[in-house]
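Peer 1: Dropping a structure here in C-alpha cells format, bear with me for questions.
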Amino acid sequence: MSSNKFEKHLSIERKIGRRNFLTNTSLGLGAMALSSIIDPGVLSGQSGPLLHSESNILNNLPHFLPKAKRVVYLFMSGGPSQMDIYDYKPTLRDFHGNDLPDSVRKGQRLTGMSAGQSTLAVAASIFNFKQYGDSGTWVSELMPHTAKIVDDLCFIKSMHTEAINHDPAITFFQSGSQLAGRPSIGSWVSYGLGSLNNNLPTFIVLVSKDAGGQPLYARLWGNGFLPSRHQGVQFRSGKDPVLFLNNPEGYEQADRREMLDYLKRLNEFQKDTYNDPEVDNRIAQYEMAYRMQTSVPDVVDMSDEPDEVFEMYGPDSRDPGTYAANCLMARRLLEKDVRFVQLYHQGWDQHSHMNGGLRHQCAKTDQATAALVKDLKQRGLLDDTLVIWGGEFGRTVYSQGNLKGANYGRDHHPRCFTMWMAGAGVKSGFSYGETDDFGYNIVRDPVHVHDFQATLMHLLGMDHERLNFKYQGRRFRLTDVHGEVVKSILT
C-alpha cells in the first residue's frame, strides 16, 4: 500500500473509531443520567433492575418517568355486583319484575345458569344509595367506609371483558389471556422493573383464609414463560408464612450458608456446562430464600403496630390471614418497598341470596379497604403507590331464578362493571365511563381489560407494547396485540 493510501485509510479508521466512541459514550452517559433520575440506586449498585441478567440495563429501566413505584391490587374474586355497590341505577325501580327488553339485551349471550329461564326479570337494587364527598359519588349502604374516601378514588364504570365464566375471566385479568400458561401481571412488573428491596420478593401474594367461593390457582400469580425468579410468592398465615423457608430442626444458619455456597458452585458448573440461563434464576431464588429467613419474620410480626391501627382496619385485622389482616400486611410490605402486592378475596359470586351474601362480603372487606387507602395516604405512600380494587366481571341486572323479594341472585355479566383505582398518577374524586339506565351496556368511554393493563403499566413507567418476551418464536406481551392507555383518568 502506498504512503498516501495508507494515510487515507488510517484517517478513515480514526474517524470511524472516534464516531463509535462518541456514540457509545453518549448513549452510556445518557443511560446513566436517566437511571440516576429514575432510580438513584442504579449508580450505587443497589438498584433492583440490575439484578436481572436476562436483559440489558436500558430494557430493565422504566421507559419513561413513572408515577407509581408500587402496586397493591385488591382482587375481589367472583364478580362484585356493580349496580348494588357503585353504579347507581334508580330507573330500575320502574322496571322491577318486568322482563328485560330485547332492545337492551340485543341477543347477547348468557351463561348456562340462566339461559334456560323463561323470563329475565329486572331486579332493582334493594340497597339504599347516597352521594358522598365533594365529588358527589353515589355509593350504596353496603360500603359506608369506602364512601368516606370517594374523593381519593378514581372509578371506572365502563369496564368490559369477553370472558363470561370465572376461571377464564380471572386468568384474563391476571395474565392478559383467557388460556392458562401466560405470565401474571405481577410477574411482568417484576420482569420489567426488578426489585426495590433485595431482601423480599418483588411480587407477593396474600389470599384471604376461609373466604370460600370460586377456587384460585397458583398459576394466577405464576411466571409462565418468564424466568422463574419472577413468580409471585404467597405469604400465608400461621407458623410458616412462606413454605419451606425455615431451617429444619437442629439445622443452624451457618449450615444453611455452607450448603448454599456448595450448591452455588454446583449450579455454576452446570451453567458453564449447559449454558442454561435458568440456573442463574435458581441461584437467585436460593439466595433470596436465605435473606428472607431474616426479613420475613420481621415484616409479618405485627406486635409493633399500635392499637389505633388495628382499630382502623377493623377487628379482623388481629386475626392473621383474614382480608383485614392481609390489608395491614400489604401496607407493611409496601413500606418495605415490595414492588407488587396482590390480595385475593373470594366469595363475591352471588347467584342467589343477594341480600345476605353481598352484605356479608362488603362487611368483611369495606373497612379494611378504606383503611388501607387512608393509611397509605397518611404515611405519604399513596403518592407513589397505585391501589386497585375490582373483580373479573360484573353481575346481571336481571334475576337469576325466580325474583322473590330480597331473595334474588345475579348471574355473570361481562358487558359492563365497575373498578376503582387510587393513588399515584390517577385522578381523585373522578368517575370515568357510563352505562345505560339498566346497567347492561356501556354508552360512553368503554375500557377493556387490556386497556386497564396498559394503563397500569404506563403508570409504572412502562410502554406495554415495548415490554415483551420472546417465546417459541413470538414476542409476547401482557396486552397481547391490544390495549390503549386510558389517558383521561391520568393526572
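Peer 1: Given the residues V300, V279, which is the only one that is in contact with a strand residue (DSSP E or B) (Cβ under 9 Å, 6 or more places away or on another chain) and surrounded by 16 or more Cβ atoms within 10 Å (Cβ to Cβ)?
Peer 2: Of V300, V279, the one residue that is in contact with a strand residue (DSSP E or B) (Cβ under 9 Å, 6 or more places away or on another chain) and surrounded by 16 or more Cβ atoms within 10 Å (Cβ to Cβ) is V300.
Peer 1: So, one more: Only one residue in F393, F430 is among the aromatic types (F, W, Y) and farther than 30 Å from N98 by Cα, so which one is that?
Peer 2: Residue meeting the stated conditions: F430.
Peer 1: Right, next: Restricting attention to segment 216-258, report how many residues are without any contact (Cβ under 8 Å) to a residue 60 or more places away in the chain, assigned to a loop (DSSP other than H, G, I, E, B) and surrounded by fewer than 14 Cβ atoms within 10 Å (Cβ to Cβ).
Peer 2: Number of matching residues: 11.
Peer 1: Checking T455 against (1) among the β-branched types (V, I, T); (2) buried (at least 23 other Cβ atoms within 10 Å of the Cβ); (3) within 22 Å of D152 (Cα to Cα); (4) touching a helix residue (DSSP H, G or I) at 6+ places or on another chain (Cβ under 6 Å): exactly one of these is not met. Which one?
Peer 2: Among (1) among the β-branched types (V, I, T); (2) buried (at least 23 other Cβ atoms within 10 Å of the Cβ); (3) within 22 Å of D152 (Cα to Cα); (4) touching a helix residue (DSSP H, G or I) at 6+ places or on another chain (Cβ under 6 Å), T455 violates only (4).
Peer 1: Which condition does L456 not pass, out of (1) in a strand (DSSP E or B); (2) under 28 Å from D167 (Cβ atoms), if it passes all the others?
Peer 2: So the condition that L456 fails would be (1).
Peer 1: Can you name the residue in segment 388-411 that is of a type in the set (A, V, I, L, M, F, W, C) and crowded, with 24+ Cβ neighbours inside 10 Å and is also farthest from V426 (Cα to Cα) among such residues?
Peer 2: So, considering only residues that are of a type in the set (A, V, I, L, M, F, W, C) and crowded, with 24+ Cβ neighbours inside 10 Å, the one farthest from V426 (Cα to Cα) is V397.
Peer 1: Among the residues in segment 333-356, are any free of Cβ contacts under 8 Å to residues at least 40 places away in the same chain and more than 22 Å from A424 (Cα to Cα)?
Peer 2: Yes.
Peer 1: Within segment 469-488, which residues are closer than 29 Å to K157 by Cα and either in a loop (DSSP other than H, G, I, E, B) or among the basic types (K, R) (or both)?
Peer 2: Of everything in segment 469-488, those that are closer than 29 Å to K157 by Cα and either in a loop (DSSP other than H, G, I, E, B) or among the basic types (K, R) (or both) turn out to be R477, L478, T479, D480, V481, H482, G483, E484, V485, V486, K487.
Where a number appears in this text, it was derived from the coordinates with a stated rule and is not lab data. On a predicted model such as this, the values are computed, not experimentally measured, just so you know. No Cβ is skipped: glycine too gets one built from the backbone with ideal geometry, and neighbour counts run over all protein chains shown.
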